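Presented below is the structure to which this report refers.
The values are calculated or read from the model by the stated rules, or taken from the named source; none is laboratory data. Note that the coordinates shown come from a computational prediction; the quantities given were computed from them, not determined experimentally. With ideal geometry, Cβ positions are generated from the backbone for all residues, glycine too; neighbour counts draw on all protein chains shown.
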Amino acid sequence: MAITSGRNIWCLCSSIVLVIATASAQADTKLFESVQVTPGGEYTFGIEGPAANLDGNLFVVNFGKPGTIGRLPVGRAASELFATLPEGSVGNAIRFDRSGTMFIADYKKHNIFAIPKGATEPVVWFHSDEMKQPNDITLARDGTIYASDPNWKGREGHIWRIAKAADGSVQGQVMSAPRAMGTTNGIDLGPDGKTLYVGESSSGQIWSYAINGNELTGAKMVKAFQPDTIDGLRTDVAGRLFVARILKGTIAVMKPNGAVEREIALKGKEPTNLAFGGSDGKTVFVTQRQGGFIEAFRTDQQGREHCLQRGRC
């Protein structure tokens, strides 16, 4: 009995030391300083769609070859194959809902795939031949998906709303908007769940809209960067926008009014997208087209999506 008690006390003390050490390491990490976290060349030129689940794992599309999804396990420095999409499909964006289901935007075959928590086999959640892509997606509290659908050659685009109908079927349609959109690309909801931010790559502009059912209203230009210099974007719980400045090699952090707080210098020069993850949702992972790797930095607020997955937003 004494031996067992001693072992339990030793284990408890060891656990406390580990927790303190981990907290201390996080505290010592400088905010907004990015470091490379995976080897170069793991992912193709189409590296995109990062998303983290609540277990701390990060998922990224096009691991090794197009049509795959890689997983960077928590605490690891190299990715591994997680899933392969059906022949001809290529993912571009990943998001998680509150149940842990993964959704993947397939821009080649015009699908939204779903992979339930604990599974690895993708199933078609929604398909439409009327879509040009989809490119990026974001999820609301009720599971509604908003998808950007760019026409790159025409330099214009739309936003789709995809949700379950009363009969349980999944329905999608193009949302009406008060203005003609450019090439819709990066997309995310604000922490209020009622504001949709859309980046237009062709113009370099970021717009906000109010959501009213299948309508987008109250269009406001938040910020105009140089044309063709923005890609993915995410929001945090404070309402700030984190924007991937592809070709500039930075992540712009800005307030909802468009005021840029800072531009975070990255290791790679072609960031395609980003996602909040880590145990507290304050680690930002960035996918780098230049070099095919992932880098990361710490921030001072958790991401909206991380908060949403925990059921707190």
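For the stretch 194-219, how many residues meet the condition of being in a loop (DSSP other than H, G, I, E, B) and within 21 Å of Asn273 (Cα to Cα)? Please lay out each step first, then the result.
From the stretch 194-219, those in a loop (DSSP other than H, G, I, E, B) are 194, 201-204, 213-214; that's our starting set.
Those left that are additionally within 21 Å of Asn273 (Cα to Cα): 201-204.
Of the residues in the stretch 194-219, 4 are in a loop (DSSP other than H, G, I, E, B) and within 21 Å of Asn273 (Cα to Cα).
Within the stretch 54-76, take every residue that is assigned to a loop (DSSP other than H, G, I, E, B) and small (Gly, Ala, Ser) and give me the one that is farthest from Arg98 (Cα to Cα).
Gly64
Applying the selection to the stretch 115-153, what residues are assigned to a loop (DSSP other than H, G, I, E, B), closer than 23 Å to Gly204 by Cα and in contact (Cβ under 8 Å) with a residue 12 or more places away in the chain? Write out each step before concluding.
Let us first name the residues in the stretch 115-153 that are assigned to a loop (DSSP other than H, G, I, E, B), namely 116-122, 128-136, 140-144, 152-153.
Of the ones still in play, those that are also closer than 23 Å to Gly204 by Cα are 131-136, 152-153.
Those that are assigned to a loop (DSSP other than H, G, I, E, B), closer than 23 Å to Gly204 by Cα and in contact (Cβ under 8 Å) with a residue 12 or more places away in the chain: Met131, Lys132, Gln133, Pro134, Asn135, Asp136, Trp152.
Of the residues that sit in the stretch 244-260 and are closer than 15 Å to Glu295 by Cα and part of a strand (DSSP E or B), which one is farthest from the chain's Cα centre (by Cα)?
Pass one, the stretch 244-260, residues closer than 15 Å to Glu295 by Cα: 244-246, 249-251.
Next cut, part of a strand (DSSP E or B) only: 244-245, 250-251.
Numbers: Ala244: 11, Arg245: 15, Thr250: 16, Ile251: 14 Å.
Here the residue is Thr250.
Among the residues of the stretch 67-81, count how many are over 14 Å from Phe293 (Cα atoms), surrounded by fewer than 19 Cβ atoms within 10 Å (Cβ to Cβ) and under 19 Å from the mean Cα position of the chain (by Cα).
Going residue by residue through the stretch 67-81, those that are over 14 Å from Phe293 (Cα atoms) are 67-68, 73-75, 81.
With the extra rule that they be surrounded by fewer than 19 Cβ atoms within 10 Å (Cβ to Cβ), the set shrinks to 73-75, 81.
Still in the list and also under 19 Å from the mean Cα position of the chain (by Cα): 73-74, 81.
Residues that pass the stated criteria total 3.
Considering only residues of the stretch 277-304 that are buried (at least 24 other Cβ atoms within 10 Å of the Cβ) and among the β-branched types (Val, Ile, Thr), which is farthest from Thr44 (Cα to Cα)?
Among those residues, the one meeting the criterion is Val284.
Would the stretch 24-41 turn up any residue that is closer than 25 Å to Lys132 by Cβ, at pLDDT 95 or above, of a type in the set (Asp, Glu) and in a loop (DSSP other than H, G, I, E, B)? Write out each step before concluding.
Keep residues of the stretch 24-41 that are closer than 25 Å to Lys132 by Cβ, which gives none.
The answer is no; no qualifying residue exists.
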